Every structure is written in structure tokens, then in C-alpha cells.
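The values are calculated or read from the model by the stated rules, or taken from the named source; none is laboratory data. Since we're looking at a predicted model, the values are computed, not measured. Reconstructed Cβ throughout: ideal geometry from the backbone, glycine too, with neighbour counts over all protein chains shown. Please note that ligands, DNA and RNA were not included when accessible areas were found on the heavy atoms of the full protein model with its side chains. Shrake-Rupley method; radii C 1.70, N 1.55, O 1.52, S 1.80 Å.
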Amino acid sequence: MPLRTRIFILVTIVVLIVLGVSLLLIVKFGKKPAVSVPVSNQSTNFNQGNVVIPGTPATVIPQNLVVKPSDSAAVTENTVRQLAKIFVERFNTYSSDDIYQNIRDVQVMVTDEYWKKIGAPLSRTVTPPPVFVALTTKVMAITSSEVQASSATVLLKAQKISTNGALTSISNADYNVSLVKSGSNWLIANQTESK
């Protein structure tokens, strides 16, 4: 029997053994027995009407459960915080493969005055760099927000991953995003970054 044939048969046998053992382990340990909850014969003096036993799905909604409706201030604050987060991540994420796309992505999110400032590079012709350049910004936390009737400020902490050719570096930055209310919409009026 040639050497190639013997090696092929040996490798096939090893693969079949590994697959057989894996299948056996999956079948044997795949079905876990249900955990039974110990039953106590002692009586207790407190109301157990709303007690949920871990591991069992809740099937009955307690009658005394009150769901508090969202007030408009909480909805507005959440809207402002999410808008600031989306803006920081989109505007501060770019690559040399798609030059200025990050600026185009946020055009509908900013005031006309701020657009004049950040949209200025779109009128210039740009030659792509010889190596791949990119920056990815990911908001890690929204540290605070202050919402007034027609303005808001949101502070965010973000991680920045910068790529320049084969080199990659990671840094952190804090962003202060100012928003203004225009009609019923909130728009970004400014962003400042501190490292």
C-alpha cells in the first residue's frame, strides 16, 4: 500500500474518532435534567403573592403592579442623549476608502450654522492617502446630560481606534455635544473634544 494511501486512511480514522467522541458528548450532555425546586413544609408569615422562583417563567402579572408611563421630560432626555451618541460615533468615524462620508452622514442632524462649519471640506478636492487611514469612534458612556426647553448639552466618553497603514492605536476622548430645538426636532449645534 502506498504511503499516501496509508496517511489518508490514518487521518480519516482519527477524524472519525474525534467526530464520534464529539457526537457522544453532545448527546450525553446535551439533555440536562430539570432542576427541581425544594419544597418547604414550613409556613411563613409574609405575603408570597408576587414571589418569582428563579428558573420558572412568570405566567401571571400581579394585580398590584403599576406601570409608570413615560413622562415627556424623560422621553426628551433620552432622545437628546441618543442623538448626541449617534452624532459622535458617525461624525468621528471615517476612512480613506470613503472620504468625507462621515460628514455627509450627519448633514440632516446638524443646524445650518454648524453645517457651514463642518461641511466646508466637501467643496475641496482630496487625493486619497497612499496607505489606508481610518478612525473608529465608539461611545462607551453618556456621563451626563442637561436638557432645557430649547437647548441641551450631553457629555460622552468614547474610545477611538486609529489606523494608519499597518499601525493601530487606541485612545480615549470626552465629547461635549450642544443641541438646540428647531421646531419639534433636536439638532446638533456644536461638538467639542477633549482628550
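Here are a few things to note about the model shown:
- Proximal aspartates and glutamates to Lys138, defined as alpha-carbon separation beneath 18 angstrom and excluding residues fewer than eight positions away on the same chain: Glu89, Asp105, Asp174, Glu193
- Percentage, to the nearest whole number, of Cα pairs in the stretch 58-189 over 20 Å apart: 56 percent
- Per-residue extension of 0.36 nm, minus the Cα-Cα distance of Thr163 and Ser182, leaves a gain of 3.2 nm for this segment.
- Over all pairs of different C-alpha atoms, the stretch 137-185 has a mean inverse distance whose reciprocal, the Kirkwood radius, equals 12.6 Å.
- With the simple model of a label 7 Å out from the Cα in the direction of the Cβ, Val18 to Val133 spans 4.6 nm.
- Accessible surface of the stretch 129-195, 1.4 Å probe: 52 percent of it comes from carbon and sulfur atoms.
- Placing pseudo-labels 7 Å out from each Cα toward the beta carbon at Ile9 and Ala141 gives an inter-label distance of 6.5 nm.
- Protection proxy ranking, highest mean first, for peptides 130-140, 164-174: 130-140, 164-174, where packing is the per-residue count of other beta-carbon atoms within 10 Å, averaged.
- Taking label points 7 Å from Cα along the Cα-to-Cβ direction, Leu155 and Asn172 give a separation of 1.4 nm.
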